[in-house]
Amino acid sequence: MTFRSIFSLACCAAALLSPASAAPRPGDAKLRDDLDVAYNTWRLHLLRGNYDGWRATTSAYRQVKVRNLAVSEKRPFPASLFRQPMAPPALAPLMYVGSVVNGPTAAATYYGKVDLGLGQEPTDSNALVLLFTHENGKWKYDQARFFNLTRLPAVKERLKRGDASVLMEQDGFQPLGKIPAVPPVCPPPKYIAMRQLSSMTPNAAFLASGVPSSP
């Protein structure tokens, strides 16, 4: 199974957002600890191949999206969940910039050399944004965004300085604001087709047979 259901690779868009009600919370130690624990626990279960642990730490929406992708591509699930071309990066080498909370969703941003487990050391510093949803009284990991900041040197410099205000100004560093509805569980397909979508924003969507699809 490709890693895109769990870890979204994106190039940060240059569009600025209009002011929102959410605000960055760089100094909220408890929030940072809660989100760090949620991600690190999820990461440990994934690396150890613990399916029950993965389910317990993954958002309800993402569980079904990951399962549906594997089934629709006729790959075994959950076995394919633990056969990823990339590994979830460790947070220890990265600098925490801040978190943005909007309703029952949160986004935590880190800056540094993000190691995606591709067999080579990262040579440049970029941004990693972890997305979470608050379900049943606890934070659950949903997905991540990796931002190549090569074409955004001003944003890169601000993140390097720990300037959390950029998290509300630049597209891609904010949470969704609401928990997506859990999609129906799909049956195994008879045939397989492929579609590709290229976008400069992490919030792209498309229609397939009149049915909207989101990341």
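The values are calculated or read from the model by the stated rules, or taken from the named source; none is laboratory data. Keep in mind the model is a prediction, meaning the values are calculated, not measured. Quick reminder, even Gly has a Cβ in these numbers, built from the backbone with ideal geometry, and neighbours come from all protein chains shown.
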Next item on the list: Check segment 104-117 and report whether any residue there is over 17 Å from the mean Cα position of the chain (by Cα), of a type in the set (A, V, I, L, M) and not in a loop (DSSP other than H, G, I, E, B).
Entry: no
Check: Does Asn136 satisfy the criteria of being surrounded by 14 or more Cβ atoms within 10 Å (Cβ to Cβ) and of a type in the set (S, T, N, Q)?
Finding: no
Next item on the list: Give segment 157-215 a look and list any residue that's more than 21 Å from the chain's Cα centre (by Cα), of a type in the set (Lys, Arg), at pLDDT 90 or above and loosely packed, with under 14 Cβ neighbours inside 10 Å, or say none.
Entry: Arg161
Margin query: Any residue in segment 116-137 that is farther than 18 Å from Gln84 by Cα sitting within a Cβ distance under 7 Å of a residue that is assigned to a loop (DSSP other than H, G, I, E, B) and polar (S, T, N, Q)? List the pairs, counting only those 6 or more apart or interchain.
Written below: Asn126/Asn148; Thr133/Ser59; Glu135/Ser59
Margin query: Here is a list: Ala56, Ala38, Ala60. Which entry is closer than 20 Å to Asn136 by Cα, without any contact (Cβ under 8 Å) to a residue 12 or more places away in the chain and under 18 Å from the mean Cα position of the chain (by Cα)?
Written below: Ala56
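Hey, among the residues in segment 142-174 that are in a strand (DSSP E or B) and out of contact with any Ser or Thr (no Cβ under 8 Å at 6 or more places or on another chain), which one's farthest from Leu94 (Cα to Cα)?
First, pick out the residues of segment 142-174 that are in a strand (DSSP E or B): 142-147, 170.
When the remaining residues are screened for being out of contact with any Ser or Thr (no Cβ under 8 Å at 6 or more places or on another chain), the result is 147, 170.
On the way: Phe147: 14, Gln170: 20 Å.
If we take residues in segment 142-174 being in a strand (DSSP E or B) and out of contact with any Ser or Thr (no Cβ under 8 Å at 6 or more places or on another chain), then Gln170 is farthest from Leu94 (Cα to Cα).
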Note to self: Of everything in segment 118-141, what is of a type outside the set (Ser, Thr, Tyr), touching a Lys or Arg at 6+ places or on another chain (Cβ under 9 Å) and either under 21 Å from Lys156 (Cβ atoms) or not in a strand (DSSP E or B) (or both)? Give them in sequence order.
What the structure shows: Glu121, Pro122, Asp124, Asn126, Ala127, Leu128, Val129, Leu130, Leu131
